[in-house]
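The values are calculated or read from the model by the stated rules, or taken from the named source; none is laboratory data. Note that the structure is predicted; figures quoted are calculated from it, not measured. Note that each Cβ is placed from the backbone with ideal geometry, even for glycine, and that neighbours are counted across all protein chains shown. These accessible areas exclude ligands, DNA and RNA; they are computed on the full protein's heavy atoms, side chains included. Shrake-Rupley method; radii C 1.70, N 1.55, O 1.52, S 1.80 Å.
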Amino acid sequence: MENIYLVGGGKGGVGKSIVSMSLIDFLIQQREKVLLVETDTSNPDVMKCYQSEIAAVALNFDHVDGWMDLINQCDHHKNHVVVINSAARNDHAVQTYGDRLQQALPLLKRKLITLWVINRQRDCVELLRNYLEQIPESKTNVLMNSYFGDKEKFETYNKSQTKKYIEQLGGKSLIFPELADRVADDLYINRMTIEKASEDLPIGNRIELLRWRSAAKKMFEEVIE
Ligand SMILES: Nc1ncnc2c1ncn2[C@@H]1O[C@H](COP(=O)(O)OP(=O)(O)O)[C@@H](O)[C@H]1O
Ligand SMILES: [Mg+2]
């Protein structure tokens with residue numbers, strides 16, 4: 001059975017959407033069928049880029065119905081890998097309703113794998129610690145988004161007990177590559193998939209996109225089971 005990947009981070013602007021897009025692109029290249037669950041109802045950017053290419057549903061995680069629908073959608077799309085793009089303020093909802101998803105996992109016969117995206121600020125690590133307590137059933141990995149600096153600059157995380165704990169549980173601490181702003185903007189503004197951008201952008205932009213895409217592929221190969 002296919003896994004459920006939850007792209008989290010608790011905060012806005014850390015890179016959850018770009019990681020979700022990159023993950024979907026990776027899975028499509030691996031010839032997986034993908035179901036996107038877009039939970040960012042105020043800014044459904046991943047949905048806008050990918051809804052014409054893959055199965056996609058928008059769900060409201062602030063309401064219990066959204067969590068029931070998530071479980072039902074996972075059941076209906078048995079041969080699809082599920083990618084959940086989470087929204088900035090989902091942490092409270094995860095605390096309130098997350099146990100439902102955890103209880104459903106054995107029935108769905110799926111594993112929950114979290115990719116927790118962080119910038120260099122302390123609250124990212126605090127939110128991660130809460131998440132680990134609330135969703136212990138998830139195998140959780142951390143993506144240090146290099147858009148915010150090199151690995152050494154993620155001091156708070158690198159020195160944290162949380163990092164040790166993640167790694168004790170078999171989770172990984174990885175670097176998510178930076179894409180040139182101009183190309184990232186091409187994706188967002190034109191609502192393009194990464195595949196389409198790799199065909200249509202001017203050659204200079206395309207080269208940058210392909211570099212980033214292959215760096216991301218290397219990273220995902222470490223965590224995608
Ligand atoms: N690794 C990256 N490379 C290039 N741009 C990035 C990267 N990470 C984040 N960004 C940019 O930062 C902004 C916020 O990223 P986004 O993925 O929308 O964050 P979130 O979904 O967590 O709110 C976007 O404009 C995005 O292009
Ligand atoms: Mg987002």
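Applying the selection to the range 2-19, what residues are in contact with a helix residue (DSSP H, G or I) (Cβ under 7 Å, 6 or more places away or on another chain) and either open to solvent by 10 Å² or more (accessible area, probe 1.4 Å) or small (Gly, Ala, Ser) (or both)?
Answer for the range 2-19, where residues must be in contact with a helix residue (DSSP H, G or I) (Cβ under 7 Å, 6 or more places away or on another chain) and either open to solvent by 10 Å² or more (accessible area, probe 1.4 Å) or small (Gly, Ala, Ser) (or both): Gly8, Gly9, Gly10, Lys11, Gly15, Ser17, Ile18.
Can we say Ile189 is among the aliphatic types (A, V, I, L, M), open to solvent by 40 Å² or more (accessible area, probe 1.4 Å) and within 19 Å of Gly13 (Cβ to Cβ)?
Judged against the criteria, Ile189 is a match.
Run down Met21, Met47, Met68, Met1 and say which single residue is more than 11 Å from ligand 1 (Cβ to nearest atom), farther than 23 Å from Asn130 by Cα and either of a type in the set (Phe, Trp, Tyr) or at pLDDT 95 or above (or both).
Result: Met47 is the single residue among Met21, Met47, Met68, Met1 that is more than 11 Å from ligand 1 (Cβ to nearest atom), farther than 23 Å from Asn130 by Cα and either of a type in the set (Phe, Trp, Tyr) or at pLDDT 95 or above (or both).
Kindly indicate which of Asp181, Asp200 is surrounded by fewer than 17 Cβ atoms within 10 Å (Cβ to Cβ), of a type in the set (D, E, K, R) and either modelled with pLDDT under 95 or under 23 Å from Gln121 (Cα atoms) (or both).
Being surrounded by fewer than 17 Cβ atoms within 10 Å (Cβ to Cβ), of a type in the set (D, E, K, R) and either modelled with pLDDT under 95 or under 23 Å from Gln121 (Cα atoms) (or both) holds for just one of Asp181, Asp200, which is Asp181.
Do we find a residue being hydrophobic (A, V, I, L, M, F, W, C), open to solvent by 40 Å² or more (accessible area, probe 1.4 Å) and more than 13 Å from ligand 1 (Cβ to nearest atom) anywhere in the range 158-170?
Of the residues in the range 158-170, the ones hydrophobic (A, V, I, L, M, F, W, C) are 166, 169.
Now drop any that are not open to solvent by 40 Å² or more (accessible area, probe 1.4 Å), which leaves 169.
Those left that are additionally more than 13 Å from ligand 1 (Cβ to nearest atom): 169.
Yes, because at least one residue in the range 158-170 is hydrophobic (A, V, I, L, M, F, W, C), open to solvent by 40 Å² or more (accessible area, probe 1.4 Å) and more than 13 Å from ligand 1 (Cβ to nearest atom).
Here are some residues: Gln30, Gln73. Which one is more than 16 Å from the chain's Cα centre (by Cα) and within 21 Å of Val117 (Cβ to Cβ)?
Result: Gln30 is the single residue among Gln30, Gln73 that is more than 16 Å from the chain's Cα centre (by Cα) and within 21 Å of Val117 (Cβ to Cβ).
Which number in (1) surrounded by fewer than 18 Cβ atoms within 10 Å (Cβ to Cβ); (2) of a type outside the set (Asp, Glu); (3) out of contact with any strand residue (DSSP E or B) (no Cβ under 7 Å at 6 or more places or on another chain); (4) within 23 Å of Ser17 (Cβ to Cβ) marks the one condition that His77 misses?
Tallying (1) surrounded by fewer than 18 Cβ atoms within 10 Å (Cβ to Cβ); (2) of a type outside the set (Asp, Glu); (3) out of contact with any strand residue (DSSP E or B) (no Cβ under 7 Å at 6 or more places or on another chain); (4) within 23 Å of Ser17 (Cβ to Cβ), His77 fails exactly one: (3).
Looking at Arg213, Arg206, which one is more than 16 Å from ligand 2 (Cβ to nearest atom), open to solvent by 50 Å² or more (accessible area, probe 1.4 Å) and of a type in the set (D, E, K, R)?
After applying the criteria, what remains is Arg206.
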